[in-house]
Amino acid sequence: MIGEAVLVLQTILPRIFLGILAGSLIISSPIFRHITKYSVKFFKIRSSAAVAAFFADKAVGLSVLAEMYKKGVINEKEVVIASVLGLLPLSIRSTFLTLAPVSISTLGFKLGVSFLTIELLSKFIIAGIAYSFGRKITMSTETIMDYRNEQPVFSSLLFALKTFFRVSLIISLTVLLTAFLINSDNFTPIDERSMLILAGAGSTLAGFGVAGSLLSEGKLNEEVVLILLFVALALHRAVEAVRYTVPLNISLFGYKTGARVAALTFLANEISCIIGLVLAHVFVALRIIWGQHLYDI
């Protein structure tokens, strides 16, 4: 019922707000700035400053890369490698700011943490492969450029409020719409699994909202939801590439280099989703062996 959906929103939205606020404060804290600083020293590559800049935002990281590329500090191969490495700090940042508070609030602690763990692990694997592959051609003992991730507390609070407004709008609309479709006798255009995949393909946050509603209604179990979320995530990466990543890369690097960098970064993102999907199946298989739930898919 719609009334039950409203009660769900009253429960999860305060948790989401507190989670986003905490994540935003962590990102702006001195501890996180030290993490950014040491990440530059750890990677020891000419584009390490740009990789660290991805902690701030994708556009910031790519802008630093474009500046280094235009100045001849790095070549096209190094741009690609740094862009793929940047997927890890991007994932860490999005986990703290939105994914953790939203997924745990909508899916529950265990399922939410399971999704986040698999997602981060897949990004670590991709980053490790990229670093191993590109270490020889990008290795440098000196820092060519510097980047500091500094953000005032007031700016963090303002960012948290803006993020919460956007997230709460998406979550509220998807939860209410899902409740309407589930309880409608005359309007069921698609099944529950397709509903989750389509919602998640358009927006990961919307996918969480639909998944939470389907779980609370008992339409899908946790194992099915976990796997479908990674299917939806793979589709969402394609949507994101078309509407944002490709235009951004072309505008910064030019048509030829930008298209190539965007294509290879998209490929790395999709491989990460495939790794996540495999890990999700392994996780589900282990739960079956332990006899916690039936694998109904």
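Taken together, the values in this text are just the output of simple stated rules run on the coordinates, not laboratory data. Remember, predicted model here, so these are calculated numbers, not experimental data. Because the Cβ atoms are built from the backbone with ideal geometry, glycine has one as well, and the counts that use them run over all protein chains shown.
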Strictly over 29 Å apart at the Cα level, which of Lys162/Lys219; Lys58/Lys162; Lys123/Lys162 would you flag in this model?
Lys162/Lys219
Which whole-number percent gives the relative contact order of segment 216-281, counting Cα pairs below 8 Å spaced six or more residues apart?
42 percent
Between Val239 and Glu270, 0.36 nm times their residue separation minus their Cα-Cα distance comes to what?
10.0 nm
A chain fully extended from Leu286 to Lys71 at 0.36 nm per residue, minus the present Cα-Cα distance, gains in nm 72.3 nm
So how far apart, in nm, are the two label points at Leu157 and Ile250 if each is 7 Å from Cα heading toward Cβ?
4.2 nm
